[in-house]
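A.B. asks: Handing you a structure now.
The values are calculated or read from the model by the stated rules, or taken from the named source; none is laboratory data. What you are looking at is a predicted structure, and each value in this text was computed from that prediction instead of being measured. Neighbour counts are summed over all protein chains in view; Cβ atoms, including those assigned to glycine, are modelled from backbone coordinates with ideal geometry. Side chains are part of the model used for accessible areas, which takes the heavy atoms of the whole protein and leaves out ligands, DNA and RNA. Shrake-Rupley method; radii C 1.70, N 1.55, O 1.52, S 1.80 Å.
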Amino acid sequence: MAGAMEKTMKKIMTPMIGTAIAAIALVAGTAPAAAQSRLDWGGGRAGDRDYGLVGAGVPFLYPELRATNRGRAFVMRNFDYNHDGRVSPPEARAANHAFAQVAGPRRDRFDWESRDRSVLVEVDRGGWDHRAMRGYGFRQTARGATLRLEEDVLFKTDSDVLRPGAIEKLRPLAGYLRSEPGVRVSIDGYTDSRGTDAHNQDLSERRAASVRNAFDSMGVVRARFSVVGHGERDPIATNATPAGMRQNRRVEVTLLGQRADRFARDN
């Protein structure tokens, strides 16, 4: 009797355990091969319902996934892992990865109509976008290769909330960092001289932390970053003119120990 009951319980529990393991792997962004190999691309077609996107992960999604009903359906039908109707940053990261593997470098030309079926998603083999990294214009500093990002690119005035376009600006750099796990990074925030010292110090720290959080949402381990706010110290231009103040409101990202000339070519 005990043996029969044990066999029955084993039959019940085995698939449940397997499902739970798969779900955990999906939420972590490392879906099993079987889960990755079959994706639903058919939602959002003409006559289908409208799909909406809400949640903290939405700003991190590729524009091609946010802007069309096909893209929004792809996200919600495949990557709403906990079925709460919201997109978390890990879910957005998984959706971007799966879409990029199929769409290739010209995501803006992706033909949704050709994907009304399940497709094989290949495992990411690494690599980074040399041309995009060159476009950052890294300069050599004593600490490494440094990228300067002015406030207008990242934030609204006196805010630490990233603009939606800032994520796209940072995405190639995040891809490089995922491909080069040994590279450590310093993120330094700066302000102009308007406001009190305490306010400027706090704002510079919060902005540097927001950039670090953006990289974290794109799969770069946050322990690799040092984050420092400098307030209005160390200006690179005069604070007596609007143009000079705009230059001083910046975040600098330094790839510690790296040569800037490594990124001066397309390959």
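A.B. asks: Output yes when any residue across the stretch 253-260 is β-branched (V, I, T), within 24 Å of R131 (Cβ to Cβ), crowded, with 17+ Cβ neighbours inside 10 Å and out of contact with any Cys (no Cβ under 6 Å at 6 or more places or on another chain), and no when none is.
C.D. replies: Quick first cut of the stretch 253-260, residues β-branched (V, I, T) only: 253-254.
Those still in the list that are within 24 Å of R131 (Cβ to Cβ) too: 253-254.
Those still in the list that are crowded, with 17+ Cβ neighbours inside 10 Å too: 253-254.
Next cut, out of contact with any Cys (no Cβ under 6 Å at 6 or more places or on another chain) only: 253-254.
So far as the stretch 253-260 goes, yes, one or more of its residues are β-branched (V, I, T), within 24 Å of R131 (Cβ to Cβ), crowded, with 17+ Cβ neighbours inside 10 Å and out of contact with any Cys (no Cβ under 6 Å at 6 or more places or on another chain).
A.B. asks: Hey, can you tell me all the residues within the stretch 142-179 that are within 16 Å of R262 (Cα to Cα) and either loosely packed, with under 13 Cβ neighbours inside 10 Å or basic (K, R) (or both)?
C.D. replies: Keep residues of the stretch 142-179 that are within 16 Å of R262 (Cα to Cα), which gives 142-147, 172-173, 175-177, 179.
A142, R143, listed by residue number.
A.B. asks: So, of the residues in the stretch 211-242 that are small (G, A, S), without any contact (Cβ under 8 Å) to a residue 24 or more places away in the chain and part of a loop (DSSP other than H, G, I, E, B), which turns out to be nearest to E180 (Cα to Cα)? Break it down stepwise before answering.
C.D. replies: Pass one, the stretch 211-242, residues small (G, A, S): 214, 217, 219, 223, 226, 229, 231, 237, 240.
This time we only want the ones that are without any contact (Cβ under 8 Å) to a residue 24 or more places away in the chain, so: 223, 237, 240.
Narrowing the set further to residues that are part of a loop (DSSP other than H, G, I, E, B) leaves 237, 240.
Values: A237: 33, A240: 41 Å.
Selected residue: A237.
A.B. asks: Does the stretch 67-99 hold any residues that are open to solvent by 40 Å² or more (accessible area, probe 1.4 Å), farther than 21 Å from N213 by Cα and not β-branched (V, I, T), and which are they?
C.D. replies: A67, R72, R77, Y81, N82, H83, D84
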